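Enquirer: One structure follows; several queries about it will come next.
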Amino acid sequence: MTVSSPDPSAPAGPRARSRADRARQVAEVLRRQIASGAFPSGVLPDERSLIADHGVSRNTVREALAVLRDEGAVERRQGVGTVIRGRTYEHTLERLTGLAETLAPYGPVSNEVRVADVVRPPREVARKLGVPDGGQVVYIERLRRLGADPLSLDLTYLVTDIGLPLLDADLAGRDLFGLIEESVGGPLGSASVTVHAVNADPGTSALLGTSPGQAVFTVERLTRLPDGRPVDLEFLRIRGDRLAFRAELGRGAGTPGSPPAGHGPAGTADDA
């Protein structure tokens, strides 16, 4: 009998998934459930329940829990089960809100004011805020905590007519957005936000209480008044194990890849 060789042009069948692949999938689902507050008791379901919920083997569940333990998200306690160590909180990107506004249901947000002064800004900061060459801005640097735990390091540049009154305000106890709106007598308008992950430098790691080189979110947010004038540029370093970003998005009728209204060429904001 002649055995024919496989046709190299034939489409490949589905690749068998390894246990490590399945474990990472289970860990990701559990990670999101923890972030959304799905386990108010602070304890994950037992292994039998997780096996049934995810349709995987006991070994896969144990490997998924090991992934979360290595991240510091959970720990095993004798007689209790798998306990959530540090919850990840969700911050919506659908509305322009301050940290204390978003996290108020979970505890008090406090601010250690490290710097509050008038400075000459870096050229790129001046450009984005529309500050002329040689001009000045108000610079505020705060270490922010939820309860006793460090959460973010916020570096903020404000145009002087907005920022100067804030130097005498309660920077330790208030969100800047609320203070700005009180100062201008009305609501802020809009913001452009960019989020990516970086490995924290030693100084940032020490302030945020993370392991040296641990990844953190870095957020750039340029906030404008309703008339479109940029007034507040922030650079935030946020612990990735404590905050997750969430948004509900709709698919519009525009051509895929085309820029949204109010923007220039694809990927370039008019005022960026």
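The values are calculated or read from the model by the stated rules, or taken from the named source; none is laboratory data. From a predicted model like this one, the values you see are computed outputs, not experimental measurements. Neighbour counts are summed over all protein chains in view; Cβ atoms, including those assigned to glycine, are modelled from backbone coordinates with ideal geometry. These area figures cover heavy atoms from the full protein model, side chains too; ligands, DNA and RNA do not enter into them. Shrake-Rupley method; radii C 1.70, N 1.55, O 1.52, S 1.80 Å.
Enquirer: Find all pairs meeting these conditions: Cβ atoms under 9 angstrom apart; at least six residues apart or on different chains; first residue within segment 94-114 and more than 16 Å from residue 171 (Cβ to Cβ) and hydrophobic (A, V, I, L, M, F, W, C); second residue open to solvent by less than 60 Å² (accessible area, probe 1.4 Å) and part of a loop (DSSP other than H, G, I, E, B).
Expert: Listed pairs, sorted by first residue: 96/188; 96/189.
Enquirer: For segment 90-193, give me every one of the strands (runs of 3 or more DSSP E) that falls completely inside it and has 2 or more residues that are among the hydroxyl-bearing types (Ser, Thr, Tyr). Don't jump to the end; show me each part of the working.
Expert: Details: elements: 109-119, 137-146, 149-159.
Output list reads 149-159.
Enquirer: Related question: Name, by its number, the condition in (1) among the acidic types (Asp, Glu); (2) within 18 Å of residue 101 (Cα to Cα); (3) part of a strand (DSSP E or B); (4) open to solvent by 10 Å² or more (accessible area, probe 1.4 Å) that does not hold for residue 232.
Expert: With (1) among the acidic types (Asp, Glu); (2) within 18 Å of residue 101 (Cα to Cα); (3) part of a strand (DSSP E or B); (4) open to solvent by 10 Å² or more (accessible area, probe 1.4 Å) applied to residue 232, the lone miss is (4).
Enquirer: Going by the conditions given, is residue 16 among the hydrophobic types (A, V, I, L, M, F, W, C), at pLDDT 55 or above, open to solvent by 40 Å² or more (accessible area, probe 1.4 Å) and more than 26 Å from residue 71 (Cβ to Cβ)?
Expert: Criteria met by residue 16.
Enquirer: Of all residues being aliphatic (A, V, I, L, M), more than 24 Å from residue 195 (Cα to Cα) and in contact with a helix residue (DSSP H, G or I) (Cβ under 8 Å, 6 or more places away or on another chain) in segment 142-178, which is most open to solvent (accessible area, probe 1.4 Å)? Just the residue, please.
Expert: Filtering first and then ranking leaves 169.
Enquirer: Please verify whether segment 105-114 includes one or more residues that are open to solvent by 70 Å² or more (accessible area, probe 1.4 Å), among the charged types (D, E, K, R) and farther than 19 Å from residue 176 by Cα.
Expert: No: zero hits.
Enquirer: Here's a follow-up. Looking at (1) under 30 Å from residue 152 (Cα atoms); (2) surrounded by 14 or more Cβ atoms within 10 Å (Cβ to Cβ); (3) more than 24 Å from the chain's Cα centre (by Cα), which is the one condition that is false for residue 63?
Expert: (1)
Enquirer: If you check residue 139 against the conditions, is it of a type in the set (Phe, Trp, Tyr), at pLDDT below 95 and either more than 18 Å from the chain's Cα centre (by Cα) or within 28 Å of residue 197 (Cα to Cα) (or both)?
Expert: Considered against the rule, which asks whether it is of a type in the set (Phe, Trp, Tyr), at pLDDT below 95 and either more than 18 Å from the chain's Cα centre (by Cα) or within 28 Å of residue 197 (Cα to Cα) (or both), residue 139 comes out as no.
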